[in-house]
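A quick write-up on the structure given underneath.
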Amino acid sequence: MVLPAKIFKKWVILLLFICQGNFLFFSFAGASTLYGSGKRKINPSLNLHPDSVQNSFEFINTNFENASPLNYMVDSTGVVQISLVYDHERSSTNQANSHFHFQVQAKPGSTQTLILQNFDNVWNGRWATPLSEKTNCYVSVDGINWKTIPTEVISNNRLKVKLPMEAKEMYVASVEPYRISDLEKLLAEIKNKPLVQISTIGKTVEGRPLEIIRLGNPTAPYRIFLRARAHGFEAGGNWVVQGLIRSLLKGDQNAARYLKKYCLYIMPMANKDAVARGRSRFNGLGMDLNRKWDKPADAFYSPENYALENWFKTMIKQGKRPHLAIDLHNDNYGNIHISRPAGNLEKYLANMKILEAQLRRHTWFTEGSTGSNFKNPGTLGEGLLERFGIEALVYEFNYDWIASLKKQPFGKDWEALGEKLGEVFYQYFNEANY
Ligand SMILES: [Zn+2]
């Protein structure tokens, strides 16, 4: 059927009218959603004046491996105000933020003033801050070569830094990062060595593989277990382990002597999900992997600990119980933590004294050990001793300062300590009582 031209014209006009009406209606509704109806209050600190944004600042990039979650805004004086995001523990008041890692993009040659906030941590139910006059800010153009710039702790527990833009893009971090990709490079480097066997013992919450590196001869008289990176931001343990592994694979006389005495088992990165996502402490489901070792691990909430616990059970069943276990961490004290659960600890404490003396003798360690009343229930150190009969401790590398070297720690310093651990363990087993 063909409509007469006159009727067709009328229909088109009517249709246009309806469409336009709808369009106007939707435009009006859209405008009120976007810009507020006039009644809604806008956060007064929100900077809506593009003219006030410092011309030289462009962007903070967090779209890369191990970058920390954050919000930022440029205030009316051109200062970049950065709100870091806390990492929360499940069923707990504990919250942690010790990690920052992001990339500032701005005009080369300019200086960007950054103010970082949200450092009010809750640790074991108590307020704690990672900030002090020794707090470091590591910066790098390429993410590989790092140096530090001065920091200032200002009011309300905030950290201020003045970042000189040596290039258009500058990385900024709280410690020298060690990423999953760094571990993967190490694993690729060592996996075909005859002294090395790498096995996957389980997966993280997000499905990342959890490796154990066996280094040495499994029939050697002594066995040592090391775990690194149970807490996401604590990169120190990874650098230590890397230094140790490379030194033992040199093939020199010392390495041969050490590996006649002991075999090493290393879990190099326990909390890979936190490392990937740039979080400070807890696993993907808000569990602390250095807590609750006083009872069996939950397979769903703590698959990382569950896998490790099963590995210990298997080792013990096979008659290969580790003689010594060290959990590698970072804090701003640098002590070794000797926990004292109930029971006869005489032999254990005597052995720990020997270990401390050997660390002092062969490495830059001078910080010391926890006092005679120290207990930290649920830590791997205490749990292994109580539940598995494994002499264990937590070593907290100071991430602010190395007292004996009088300097801020870099990856190279931690690797250097790791390179000396071969001798420390050798002498330890010469003297310790087993
Ligand atoms: Zn830790």
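Within the stretch 411-433, what residues put their amide N at less than 19 Å from the label point 7 Å along the Cα-to-Cβ vector of residue 354? Hits in the stretch 411-433 for residue 354 at 19 Å: 421-433. Distance from the C-alpha centroid of the stretch 354-408 to that of the stretch 202-219: 23 Å, rounded to the whole angstrom.
Here is how the number arises for the chain: DSSP H runs of 4 or more residues each give -39500 (n - 2.57), the sum is divided by the residue count, and the result at 222 nm is -10000 deg cm²/dmol. Annotation: the antiparallel percentage among DSSP beta bridges lying fully within the chain is about 65.
May I ask for the net charge around residue 358, where only other residues with Cβ less than 11 Å from the Cβ of residue 358 are counted and Lys, Arg are +1 while Asp, Glu are -1?
+1
Each Lys and Arg Cβ is given +1 and each Asp and Glu Cβ -1; about its Cα centre, the chain then shows a dipole of about 900 debye. In sequence order, the stretch 163-172 has phi-based couplings of 9, x, 7, 7, 8, 5, 10, 10, 7, 10 Hz under the Karplus curve 6.51 cos²θ - 1.76 cosθ + 1.60, θ = phi - 60°, and Gly or Pro positions carry x. Note on the chain: GNM, Cα springs under 10 Å; of 95, 318, 117, the largest mean-square fluctuation is that of 318. A straight Cα-to-Cα reach below 21 Å connects residue 162 with the lysines 107, 134, 147, 407, residues fewer than 8 places away in its own chain not being considered. Beta bridges assigned by DSSP with both partners in the stretch 205-286 are antiparallel in approximately 35 percent of cases.
Based on alpha-carbon centroids, what's the gap between the stretch 322-348 and the stretch 60-116 in Å, whole number please? Their Cα centres are 34 Å away from one another. When we measure straight from the Cα of residue 295, which lysines land under 28 angstrom away, once same-chain ones fewer than 8 places off are left out? Result set, ordered by chain and number: 203, 272, 313, 317, 320, 347, 353, 375. Counting charges near residue 118 (Lys, Arg +1; Asp, Glu -1) among other residues having Cβ under 12 Å from its Cβ returns a value of -1.
In the stretch 180-431, the DSSP beta bridges split such that about 40 percent are antiparallel, to the nearest 5.
So how do 185-196, 156-167, 258-269 stack up, highest first, on mean other-Cβ count within 10 Å? Display every interim value, and only then the final one.
On the way: 185-196: 13.5, 156-167: 15.7, 258-269: 21.7.
Final packing ranking: 258-269, 156-167, 185-196.
If you take all other residues with their beta carbon under 15 Å from the beta carbon of residue 154, and give Lys and Arg +1 and Asp and Glu -1, the sum is -1. Residues in the stretch 250-256 carry Karplus couplings, in order, of 5, x, 8, 5, 4, 4, 4 Hz; the curve used is 6.51 cos²θ - 1.76 cosθ + 1.60 with θ = phi - 60°, and Gly or Pro positions show x. Considering only 275, 251, 332, the residue lying farthest towards the positive end of the dipole of the chain is 275, judged by Cα position with unit charges set on Cβ.
Classify the stretch 214-272 as rounded, prolate or oblate from the Cα gyration tensor: take a ≥ b ≥ c as the square roots of its eigenvalues, call it rounded if a/c is under 1.5, otherwise prolate when a/b beats b/c and oblate if not. All intermediate terms of the calculation are to be shown ahead of the outcome.
Details: a/c = 3.54, a/b = 1.82, b/c = 1.94.
Oblate is the answer for the stretch 214-272, as a/c is 1.5 or above yet b/c matches or exceeds a/b.
None of the figures in this text is laboratory data; all of them are computed from the coordinates on show. Small disclaimer: the values here were computed from a predicted structure and weren't measured. All Cβ positions, glycine included, derive from the backbone under ideal geometry; neighbour counts span all protein chains shown.
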